[in-house]
Amino acid sequence: MLEQSVLKQRALEFFKKADIVITKEEESLIEFTDFGLGDIENTGLEAIVYVNTERRCANELVLFPNQTCPEHYHPPIDGKEGKEETPNRAVEPPEGAYTVFHEMILNLGGQYTLPPCTKHWFRAGNEGAVVSEFSTQSRGENDIFTDKRIDVTGYKQKERK
Ligand code: ZN
């Protein structure tokens with residue numbers, strides 16, 4: 001994986017370009033994942049978790065140009081419905097474990113809400129993307145990815161209040 005400081009600087013440039021103000025404290029909270037596939041330029045995600053409690057979750061996500069968050073869904077946990085979230089997606093699926101395709105193009109300011117338990121993936125266009133995501137609690141370690149090589153323990157999102 002690329003140097004964390006390099007990834008962090010790149011992510012911060014995207015936030016700046018999107019006029020999203022990131023405090024010094026939030027800067028230190030930027031998380032990166034390559035989903036254990038070792039190719040973060042193509043498959044990965046950068047995120048700041050603003051809040052993640054039992055009832056709600058708010059993230060700011062960065063996708064580098066043409067970077068994809070791979071296909072997955074959020075299963076019900078402890079009898080609670082799976083996470084409902086509002087992400088971004090576009091264009092052709094990358095090679096590999098992608099089984100669903102119903103294109104939803106989100107331009108600047110666009111939004112979309114996924115019903116719980118819906119398989120989804122999302123990909124940035126040529127300029128990359130910054131996505132504000134609001135959902136019920138995020139428990140990344142429970143997410144089910146279509147690509148069985150993906151190590152979800154590396155994707156675990158911290159609880160944050
Ligand atoms: Zn998701």
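Shape class for the stretch 41-84, computed from the alpha carbon gyration tensor (a ≥ b ≥ c): oblate, with a/c not under 1.5 and a/b at or below b/c. Sorted fewest first by neighbouring Cβ atoms within 10 angstrom, Glu71, Glu133 come out as Glu133, Glu71. Only helices enter this figure: runs of n ≥ 4 DSSP H residues, each worth -39500 (n - 2.57), summed and divided by the residues of the chain, yield -3000 deg cm²/dmol at 222 nm to the nearest 500.
As a rough footprinting exposure proxy, the listed residues Glu60, Glu41, Glu3 were ranked by other beta carbons within 10 Å of their own, and the order from fewest upward is Glu3, Glu41, Glu60. GNM on the chain, alpha-carbon springs under 10 angstrom: the most fluctuating residue among Thr68, Thr53, Thr23 is Thr23. Calculated over the stretch 1-87, the projected area of the Cα convex hull averaged across directions stands at 6.5 nm².
Name the most mobile residue of Gly96, Gly140, Gly44, meaning the one with the largest mean-square fluctuation, in a Gaussian network model of the chain with Cα contacts below 10 Å. Looking only at Gly96, Gly140, Gly44, the largest GNM fluctuation is found for Gly96. For the chain, the mean projected area of the C-alpha convex hull, equal to one quarter of the hull surface, is 8.8 nm².
So which residue, out of His120, His102, His74, gets the largest mean-square fluctuation from a GNM of the chain using Cα contacts under 10 Å as springs? Fluctuation is largest for His102.
Panel note: the C-alpha atoms of the stretch 22-64, placed on their principal axes, show extents of 30, 25, 14 Å (largest first).
Extension gain for the segment Tyr112 to Ala18, taken as residue separation times 0.36 nm less the Cα-Cα distance, is 32.0 nm to one decimal.
According to the Cα-based calculation, Rg over Rh for the stretch 1-46 is 0.99, with Rh computed by the Kirkwood formula.
Read-outs: derived from the displayed coordinates by stated rules, not from any lab. Since we're looking at a predicted model, the values are computed, not measured. In this analysis, Cβ positions are derived from the backbone assuming ideal geometry, glycine residues included, and neighbour counts consider all displayed protein chains.
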